[in-house]
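S.K.: Please see the structure below; I have some questions.
Computed from the coordinates by the stated procedures, all read-outs in this text should not be read as laboratory data. Being a predicted model, the structure only gives us computed values, none of them experimental. Cβ sites come from the backbone with ideal geometry, for glycine too, and all protein chains shown count toward neighbours.
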Amino acid sequence: MDIPYTVQPRPDTGLYNAKVGIWLFLASEVMLFGALFSSYILLRVGSPEGYWPHGWLNVPVGTVNTLVLITSSITTVMAWASLKMNQFAKFKLFHACTLCLALTFVGIKSYEYHDKFTHYEITLANGEFADGHLVENKLAFVNNAWTGHIILKGHIVKDRKELYDLKAHHSAGHEEMKLEGAQIKKVDTYGPWHNTYTAIYFTLTGLHALHVIGGAIVIGFLWGPGGKLWRTDPERFTNRIEISGLFWHFVDLVWIFLFPVLYLL
């Protein structure tokens, strides 16, 4: 028995089943990301003056990733349009481009994450703060004390507040510095545990990256083994590409909001 309304629209909604389903799913996604964006706003408004980070993210890298994702939305539309014009070979080309761009986005985001996990803030015993990227780490925590040494490429500040606004203190010189264990009181990286900003940053971008990966898996399946449906039921297969495209546009739209909120403001 065939499932009804997989191709023909339902009389009550005017849409076929899959499109009804994807719109309901995307409505729940809007509520999910809406709650997270609201949390971001409340956390930012409630932070003490001067202690909300500025300039912690690489704007040129984020801009490139934005262009990558926008381009992938264009190629997924071209893939769907190619099927509408009965050009399966062009569909394969454009869908392959979409998949490559999705993987490129995830790769660039992984590079950004790596940058944060190798970025250290070290509280020194004399009350100063060393901040920079890891060059060498030979530290060990033994008997409640640090031993060995760590080498960072960065700078030392007396007031931790200076580390929160890198835009205002961009002129600070960066050089290699070797810190001995006896000088160190606390070691921390810029992971999600670092402070409120990095926690919400990793939550928002991490959840978005999972959506990109999930969408890439679906796109890869439809480009590969799922493409067999084109031979037996081309209209239904075209509908599947349209549905995956709607999800991909939503992923793109979320990033359009994430980029200015996290990188520019």
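S.K.: Rounded to the nearest 500, what is the 222 nm mean residue ellipticity of the chain from helices alone, with -39500 (n - 2.57) per DSSP H run of 4+ residues and division by all residues?
M.R.: So the helix-based figure for the chain works out to -19000 deg cm²/dmol.
S.K.: Could you compute the FRET efficiency for Lys158 and Arg44, with r as their C-beta to C-beta distance and R0 at 30 Å, rounded to 0.05?
M.R.: Between Lys158 and Arg44 the formula returns 0.70.
S.K.: Apply the Karplus curve 6.51 cos²θ - 1.76 cosθ + 1.60, θ = phi - 60°, to the phi angles in the stretch 141-150 and return the couplings in whole Hz, x for Gly and Pro.
M.R.: Computed from phi, the couplings for the stretch 141-150 are 9, 10, 6, 6, 8, 8, 10, x, 8, 9 Hz.
S.K.: Give the angle, between 0 and 90 degrees and rounded to the nearest 10, that separates the Cα long axis of helix 59-84 from the longest principal axis of the Cα atoms of the chain.
M.R.: 10 degrees
S.K.: Residue by residue through the stretch 16-23, which ³J(HN,Hα) values in whole Hz follow from phi under the Karplus form 6.51 cos²θ - 1.76 cosθ + 1.60 (θ = phi - 60°), with glycine and proline marked x?
M.R.: Values, residue by residue: 6, 3, 4, 6, 4, x, 5, 5 Hz.
S.K.: Calculate, in nm to one decimal, what Lys84 and Ala140 gain on full extension: separation in residues at 0.36 nm each, minus their alpha carbon distance.
M.R.: Values: separation 56, 0.36 × 56 = 20.16 nm, distance 6.19 nm.
14.0 nm is the gain from fully extending Lys84 to Ala140.
S.K.: A follow-up question, please. In degrees, nearest 10, range 0 to 90: what is the angle between the Cα axis of helix 234-259 and the longest Cα principal axis of the chain?
M.R.: So the helix axis and the longest Cα principal axis differ by about 20 degrees.
S.K.: Could you give the spread of the C-alpha atoms of the chain along their three principal axes, from largest to smallest, in whole angstroms?
M.R.: Cα extents, longest axis first: 75, 37, 36 Å.
S.K.: Among all the lysines, which ones have a C-alpha under 30 Å from Lys158's C-alpha, if same-chain residues fewer than 8 places away are not counted?
M.R.: By straight Cα distance, Lys158 reaches Lys116, Lys138, Lys167, Lys178, Lys185, Lys186.
S.K.: If one takes the longest principal axis of the Cα atoms in the chain, at what angle in degrees, from 0 to 90 and to the nearest 10, does the Cα axis of helix 196-223 lie?
M.R.: Helix 196-223 and the main axis of the chain meet at about 30 degrees.
S.K.: Moving to a separate point now. Quick check: pseudo-label points 7 Å beyond the Cα along Cα→Cβ at Asn58 and Ile151, how many nm apart are they?
M.R.: Once both label points are built, they end up 2.2 nm from each other.
S.K.: Hey, can you grab everything whose amide H is under 5 Å from the amide H of Asp165? Only 5+ residues off in sequence or another chain; H modelled, so Pro and N-termini drop out.
M.R.: Those lying under 5 Å, H to H, from Asp165 are His54.
S.K.: For Lys185, enumerate residues with amide H under 5 Å from its amide H, sequence gap 5+ or separate chain, H modeled in the peptide plane.
M.R.: Long-range HN contacts for Lys185: Thr123, Leu124, Ala125.
S.K.: If the label point is 7 Å along Cα→Cβ of Glu176, which residues in the stretch 128-170 have backbone nitrogen under 13 Å from it?
M.R.: 134-137, 150-154
S.K.: Find out how many positive minus negative residues lie around Phe247, taking Lys and Arg as positive, Asp and Glu as negative, among other residues whose Cβ is under 12 Å from that of Phe247.
M.R.: Summing Lys/Arg as +1 and Asp/Glu as -1 gives -1.
S.K.: Compute the Cα gyration tensor for the stretch 119-189, then decide on rounded, prolate or oblate, letting a ≥ b ≥ c be the square roots of its eigenvalues: rounded whenever a/c is under 1.5, prolate when a/b is larger than b/c in the other cases, and oblate in all that remain.
M.R.: prolate
S.K.: Karplus couplings for the stretch 174-189 from phi (6.51 cos²θ - 1.76 cosθ + 1.60, θ = phi - 60°), rounded to Hz, Gly and Pro as x?
M.R.: Taking θ as phi minus 60°, the curve returns 10, 9, 5, 9, 9, 10, 7, x, 5, 7, 9, 9, 8, 10, 8, 9 Hz for the stretch 174-189.
S.K.: Once you place label points 7 Å from the Cα toward the Cβ at Gln183 and Asn126, how far apart are they in nm?
M.R.: 0.8 nm
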